[in-house]
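K.L.:
I'd like to ask you about the structure that follows.
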Amino acid sequence: MKNLSLAIFLFSMLFTAGCEDDEPTVEAPTARFTYIVHQDNGLIINFTNSSLNADTYIWEFGDGSSSAELDPNHEYEASGTFTVSLTATNSGGSDVYSEEIEVTGNLTYADLVDTWKVAPEAGALAVGPTQGDGSWWSLSEADLTSRSCFMDDKYTLGSDGSFSIAMDGETWLEGFQGVDSDQCGAPVAPHDGSGSYTYESNDIFGTLTLSGEGAFMGLPKANNAGELPNVDVPASITYIIADFVRDGAGKRLVLDIECGTGLWWRFTFASQ
């Protein structure tokens, strides 16, 4: 009887081991994805999941947002560089795939519609020999106070294509405007905001054109032909839109202009 019990036990062990050997091994997943930018809104990214052997997915979009969808579409609040991670999981384990993506919102005509002021920060005005180079001069922290009459000037781009300048009685004047030294004073025509102005933006080439004698954003002396008083007052000015950012605090607009050859001004504005 004792021998029979031992035989039954050994048979049971062999049967169990055989069943365990028959269980399939789950292959670990491989996480992968691709993405494209939405045609009409550059802040929207369409993600396509190309993972293998996965049952569930967790996306981290790099801006604090996440999703468990298979192929999510995600809209970012502002342009920037974000690290997107996808974790693919099944019963055999998980795998993580990450990729750094650059998000650049498409600038549209409607984005420019706003009232703008020069950004209240050092470097908001800068000039140098090449685009984006402010090595010759830039607005300092002290200038924010000494030129307060200029820092509150408002430039409004209307939804109807109109453009206006409001200077609240004073602005920053330079020698070509009839003063002995640079100082605050009453605006001087034609750069006093009294004209009738319009604007156009070119989304493809990233430009902003102000039309009307005396229209400008930033400094009145800077125009495409050169700097006043060395050139005539132009009928229009075209700026390069160097940067445009939407964020939680509002919008920022950076305009560049080459005055003649080898003299570049940069103006940084904040929406109001």
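K.L.:
Over the chain, calculate the relative contact order: mean separation of alpha carbon pairs under 8 Å at least 6 apart, over the residue count, as a percent.
P.N.:
Numbers: 582 pairs, mean separation 38.6, N = 272.
After rounding, I find 14 percent.
K.L.:
From the residues Gly134, Ser201, Ile165, which one has its Cα farthest along the dipole of the chain in the positive direction, the dipole being from +1 and -1 charges on Cβ of Lys/Arg and Asp/Glu about the Cα centre?
P.N.:
Gly134
K.L.:
Which residue, Leu43, Ser65, Ala54, has the largest displacement toward the positive end of the dipole of the stretch 33-103 when charges sit on each Cβ (Lys, Arg +1; Asp, Glu -1)?
P.N.:
Ala54
K.L.:
Next question. Convert each backbone phi in the stretch 185-198 into a coupling constant with the Karplus relation 6.51 cos²θ - 1.76 cosθ + 1.60 (shift: θ = phi - 60°), then list the ³J(HN,Hα) values in order as whole Hz, x for Gly and Pro.
P.N.:
For the stretch 185-198, the Karplus curve yields x, 5, x, 10, 4, x, 9, 10, x, 8, x, 9, 10, 9 Hz.
K.L.:
Kindly identify the stretch 109-271 as rounded, prolate or oblate by the Cα gyration tensor criterion: order the square roots of the eigenvalues as a ≥ b ≥ c, call it rounded if a/c is under 1.5, otherwise compare a/b with b/c, prolate if a/b is larger, else oblate.
P.N.:
Working: a/c = 1.21, a/b = 1.17, b/c = 1.04.
Taking the square roots of the gyration eigenvalues as a ≥ b ≥ c, the stretch 109-271 is rounded.
K.L.:
Next question. For the stretch 174-207, run through the chymotrypsin sites (Phe, Trp or Tyr not before Pro) and keep only the ones in DSSP coil with at most 13 other Cβ atoms within 10 Å of their Cβ. Don't skip to the answer; put the middle values down first.
P.N.:
On the way: sites: Phe176, Tyr197, Tyr199, Phe205; in loops: Phe205.
The qualifying sites are Phe205.
K.L.:
Out of the GluC sites (Glu not before Pro) in the stretch 180-240, which ones are loop residues according to DSSP with at most 16 other C-beta atoms within 10 Å? Each step should come with its number before you reach the end.
P.N.:
Values: sites: Glu200, Glu213, Glu227; in loops: Glu213.
Within the stretch 180-240, the qualifying GluC sites (Glu not before Pro) (loop, at most 16 other Cβ atoms within 10 Å) are Glu213.
K.L.:
For the chain, with only Lys/Arg (+1) and Asp/Glu (-1) charged at the beta-carbon, what is the dipole magnitude about the Cα centre, in debye rounded to 20?
P.N.:
Working: 10 positive and 41 negative charges, 24 e Å.
Dipole about the Cα centre, nearest 20: 120 debye.
K.L.:
Let me spell out the model: positive unit charges on the Cβ of Lys and Arg, negative unit charges on the Cβ of Asp and Glu, origin at the Cα centre of the stretch 109-271. What dipole size does that give, in debye rounded to 20? Please list the in-between numbers first.
P.N.:
Working: 8 positive and 24 negative charges, 41 e Å.
For this selection, approximately 200 debye.
Only the coordinates and a few stated rules stand behind these numbers; no lab work does. This is a predicted model, so every value here is computed, not measured. Because the Cβ atoms are built from the backbone with ideal geometry, glycine has one as well, and the counts that use them run over all protein chains shown.
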